[in-house]
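Input: a single structure, listed below in structure tokens.
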Amino acid sequence: MSRIIVTRRIHADALEKLRALGELILWETDTPIDPNTLASWLQDADACLSMLTDRIGAQEFASAPRLKVVSNMAVGYDNIDLDAATRQGVVITNTPDVLTEATAELTWALMLALMRQLIPAREALLAGQWRHWKPDGFLGTELYGKTLGIVGWGRIGQAVARRAPAFGMRVVALNRQTTRTTESPGLPLEEFLAVADAVSIHVPLTPETRGLVNEQWFSLMKPGAFVINTARGPIIDEAALLAALNQGRIGGAALDVFHSEPADGSHPLASHPKVLATPHIGSATHETRRAMALRAVANIAAVLQGATPPDWVNR
Ligand code: DGY
């Protein structure tokens, strides 16, 4: 009988399907599994349904001789050492597609809230500072007629772009991220940053994209432009972003992801007056989290049943 680890409480529908596949070893709490426990459980497991908070590296793979599949319940899989998995013959899968629309929705929610000053306006109201209507009160930046710059013309980048006409925004994409399609409105970096009023990040975290959005980017960006990151924290050089905000070079940032998560009010960016920070909630809808869990289970089922998993990333 297959032994299947599940590293967090997941949707009951997904768990039920998983039970039919083998013996479940469940980390049934709401907090990330302790790394030592995960390493020891992996030693005699056949499959693992993991979260983006679980680091699974060369050491864990080397001491897991039975392990056939790690099914990450996320589209990103930068928490897993892919080369080590491949060396050990372990299949790694992710959960693309099912979270595309939810993440695109959050991107727009952040962009609208950031540019229209929603959070400061709410805070002012609650603090009793809304004394009268003023011609220059709570002024934001209008999205209509502006240019949205998409970094990463993949599924999520394109889903964000599809919503732009409804807000009257023109879309440009960064061309070096767009090799997979000929339809993207791609521009070279300098031109892209010079025209974008809001730059939204939709690339995966890889060695190439780590620190991609750096001091040079902020110096080339349109003065007062906005940055939205719903991808991965380390894609932005946080010190460079902080400097750009403090120097008033950019208008603000909406960050759903951070270098080190979780972040709290002591983080200089999370608490910055020009930053709207949220706790990595891009895919956090009832519908999407259920679909992600089911997709992760489908990948495990395929591997354990000797079929090709739909979302095999280290093939
Ligand atoms: C992912 O799937 O990679 C998101 O960051 C969380 O849903």
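The values are calculated or read from the model by the stated rules, or taken from the named source; none is laboratory data. Model, not experiment: these values are computed from the prediction. With ideal geometry, Cβ positions are generated from the backbone for all residues, glycine too; neighbour counts draw on all protein chains shown.
From the list VAL98, VAL70, which one is closer than 25 Å to THR285 by Cα and part of a loop (DSSP other than H, G, I, E, B)?
VAL98
Given (1) away from the ligand (no atom under 16 Å from the Cβ); (2) farther than 19 Å from ALA39 by Cβ; (3) not in a helix (DSSP H, G or I), where does PRO120 come up short, assuming only one miss?
Among (1) away from the ligand (no atom under 16 Å from the Cβ); (2) farther than 19 Å from ALA39 by Cβ; (3) not in a helix (DSSP H, G or I), the lone unmet condition for PRO120 is (3).
Quick one: in the range 302-315, of everything that is touching a residue at least 60 places away in the same chain (Cβ under 8 Å) and among the β-branched types (Val, Ile, Thr), which residue is surrounded by the most Cβ atoms within 10 Å (Cβ to Cβ)?
Of everything passing the filter in the range 302-315, VAL303 is surrounded by the most Cβ atoms within 10 Å (Cβ to Cβ).
Surrounded by fewer than 23 Cβ atoms within 10 Å (Cβ to Cβ), modelled with pLDDT under 95 and hydrophobic (A, V, I, L, M, F, W, C): does that describe LEU242?
no
Taking the range 73-93 as the region of interest, how many residues are small (Gly, Ala, Ser) and in a loop (DSSP other than H, G, I, E, B)?
3
Kindly indicate the residue of the range 270-297 that is among the small types (Gly, Ala, Ser) and in contact (Cβ under 8 Å) with a residue 60 or more places away in the chain and also nearest to GLN88 (Cα to Cα) among those meeting that condition.
ALA296
Conditions first: (1) within 16 Å of the ligand (Cβ to nearest atom); (2) surrounded by fewer than 22 Cβ atoms within 10 Å (Cβ to Cβ); (3) of a type in the set (S, T, N, Q). ASN299 passes all but one, so which condition is the exception?
For ASN299, the failing item is (2).
Would you list the strands (runs of 3 or more DSSP E) that sit entirely within the range 1-53 and hold 1 or more residues that are over 22 Å from GLY76 (Cβ atoms)?
3-6, 23-26
Taking ILE92 as the residue in question, decide whether it is assigned by TED's automatic domain parsing to the domain that holds ASP54, within 16 Å of the ligand (Cβ to nearest atom) and either at pLDDT 95 or above or more than 14 Å from the chain's Cα centre (by Cα) (or both). Reasoning before the result, please.
Numbers: assigned by TED's automatic domain parsing to the domain that holds ASP54: yes; within 16 Å of the ligand (Cβ to nearest atom): yes; either at pLDDT 95 or above or more than 14 Å from the chain's Cα centre (by Cα) (or both): yes.
Against the criterion (assigned by TED's automatic domain parsing to the domain that holds ASP54, within 16 Å of the ligand (Cβ to nearest atom) and either at pLDDT 95 or above or more than 14 Å from the chain's Cα centre (by Cα) (or both)), ILE92 qualifies.
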